[in-house]
Amino acid sequence: MIAEVIARNSDINNNIEFQSATVSPSEISPVVRQLIAEDGFDVSTSSNLSFHKIKPYMFDLIITIGDPKNISRTILPAMMPHFHWNTPDSTQDDGQKNDIQLVKKAMDMIRKNINTLFNSDSLNTLFIARRHQQLILDNMLDGVMAHNEKRIIFFFNKAAEKITSLKREYILGKDCHDVFAGRFCGGNCDFCDGSLNKEEYNNTRKRIDFVRPDGKKKILEMLTLPLTDEINNNIGALIMFKDETDLEILKGHLKHHHALGRLITKDPKMLAVFEQIKEVSTIQAPILIEGESGTGKELVANAIHDMGPRADKPFVAVNCGALPEGILESELFGHVKGSFTGAICDKKGRFELADKGTLFLDEVAELSPAMQVKLLRVLQEKNFERVGGEKSIHVDIRIISATNQNLKQLLKNKKFRRDLYYRLCVVPINLPPLRERRLDIPVLVEHFIEMVATETERSVLGYTNEAIDALSSYSWPGNVRELRNAIEYAYVKSRDSVINTIHLPPEIVTHHRKSRKKTGPPLKMKKEQVIMALSKTNGSRKDAARLLGVGRATLYRYLDSYGLK
């Protein structure tokens, strides 16, 4: 109050407005009232404000006055010039009235400081610096927001307005959690989880899904930093964020040219499989998926189910080769209480659980002759009885089966029933092994890197050209499943931000070293150029050769050298 009175009565610009407050609201001391009255200012109707009544972001200059020992925290953390003036403590330790001489001394010091401040160029220089600072922050492409320890926002730049579609007039002075429904950071920031107050905090950018008030969805990359004062006390948080929505969409287009369910590809052979999946999804005919182990047969079955009219019904899978015959029969058809030792209650089988939906029979070639007969009867009559039961149960299901063996060869060897084969294989789908779809290897590598990074809560790793060459030239007997395992192995081995060849499984490293020892004329064209040309021409080698400006024989030599045939 004393400083406000002195400032108002000083010979300074009348356009300047003043507002004073105290750490805690209290009555004005009679001694202070007397001295202020002697200075020609009536405070009979005035009362002290407390700091919580003041909105610091509305001021151009903040001055705190008093003994710094009594200021236990930074009260007004903001982005404007801030002065602190030390004055004598005018409060007696014994609680008696303020000493007149001490108050007069404090008033003289305040009057001198005010005259010095307003009659010099220092204040104007500070204001110019602040305007420049504001201009710089407002011209940043990234959004910048700052709030104090109580989450009260005191800074919000123009980029933040553009990204969030919220005006700073609406934002400033409000609690961050109140302004942004569901929290701006989604609750996923160092300030919200408390780690920002520690000496070591997680200084990493995080991906945030943000929905603007106008309903538009944004993908933001956010970094939360601690705000500290001159003695390194935490006084709030600085949040920097940028809009990555368009970039994420572009990355998705570049990396996954074609996706179906959880399947992704760039290879023409798999694109043909995608077309088959789309064709059979709308019909109810039984499907037989053939392919080596690890090629993704269950993913194909899932995609067929999800695209068809039974998508909202159950998808039930059972591995016919993983269970003994007695247990498999109970798993498929269920059992009644007391039908065998351990059958303590009635149990539904997979056929009942899949009613109105899809039953996926994996590894059907492993079925015993007796189980083949029982399965054939169910497929013909669409009725069955639980193990030990007498009641006939009817189900309406679609059958999709899969095998990693050649069923036609098993037919010749009389190890698989011909009538069952034709019941299961109305529409066959053959999945090519990974070694025959090498265009997919870089795409799958990036896909699995992202998946493993998410699962392990680590950052997304890059990879060297040599590492991708080693992965592309390997034969992959375990197919896509083995590739996924190789990426998980690399995440265990790598302590850098990049996967190198040495981080790959030993069998892949050994194969790569052996292939590099092969002699031959040097290749002038990089492997990536050949792969890109094949991708652009949808696998047409004739068109790829024309695009690369080489003869077809030369292209075949490249394909053979790079293991792309």
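List every residue whose amide H lies under 5 Å from the amide H of residue 174, counting only residues 5 or more places away in sequence or on a different chain, with H placed 1.01 Å from N in the peptide plane.
Answer set, sorted by chain and number: 153.
Specify whether the C-alpha gyration tensor of the stretch 264-432 places it in the rounded, prolate or oblate class, a ≥ b ≥ c being the square roots of the eigenvalues: rounded for a/c under 1.5, otherwise prolate if a/b is larger than b/c and oblate if not. Let's see the in-between values first.
Details: a/c = 2.06, a/b = 1.53, b/c = 1.35.
Prolate.
Rounded, prolate or oblate, given the Cα gyration tensor of the stretch 435-561, with a/c below 1.5 counting as rounded? Show your work: numbers first, answer last.
On the way: a/c = 2.30, a/b = 1.71, b/c = 1.34.
It is prolate, given that a/c is not under 1.5 and a/b is the larger ratio.
For the stretch 307-320, just list the computed ³J(HN,Hα) in residue order, Karplus coefficients 6.51, -1.76 and 1.60, θ = phi - 60°, integers in Hz, with x standing in for Gly and Pro.
Whole-Hz 3J(HN,Hα) from phi for the stretch 307-320: 8, x, x, 9, 4, 8, 9, x, 10, 10, 10, 9, 8, 5.
Say the cut-off is 23 Å between C-alpha atoms; which of 493/536; 158/218; 356/391; 297/542; 297/536; 218/266 go over it? Before the final figure, lay out each step's value.
On the way: 493/536 35 Å; 158/218 17 Å; 356/391 20 Å; 297/542 31 Å; 297/536 27 Å; 218/266 28 Å.
Checking Cα-Cα distances, 493/536; 297/542; 297/536; 218/266 exceed 23 Å.
Taking the Cα centre of the stretch 404-461 as origin, work out the dipole magnitude from +1 charges on Lys and Arg Cβ and -1 charges on Asp and Glu Cβ, in debye rounded to 20.
On the way: 11 positive and 7 negative charges, 182 e Å.
Here the stretch 404-461 has a charge dipole of around 880 debye.
Net charge near residue 465, counting Lys/Arg +1 and Asp/Glu -1 over other residues with Cβ under 12 Å of its Cβ? Walk me through the intermediate numbers first.
Numbers: positive: 526, 527; negative: 466, 469, 528.
Net charge around residue 465: -1.
If you take the charge dipole of the stretch 234-371 about its Cα centre, with +1 on Lys and Arg Cβ and -1 on Asp and Glu Cβ, which of 247, 321, 370 is farthest toward its positive end?
Working it through, the farthest residue towards the positive pole turns out to be 247.
No value in this document is a laboratory result; all are computed from the given coordinates. Computed from a predicted structure; not experimentally measured. Cβ: placed from backbone, ideal geometry, glycine included. Neighbour counts: every protein chain shown.
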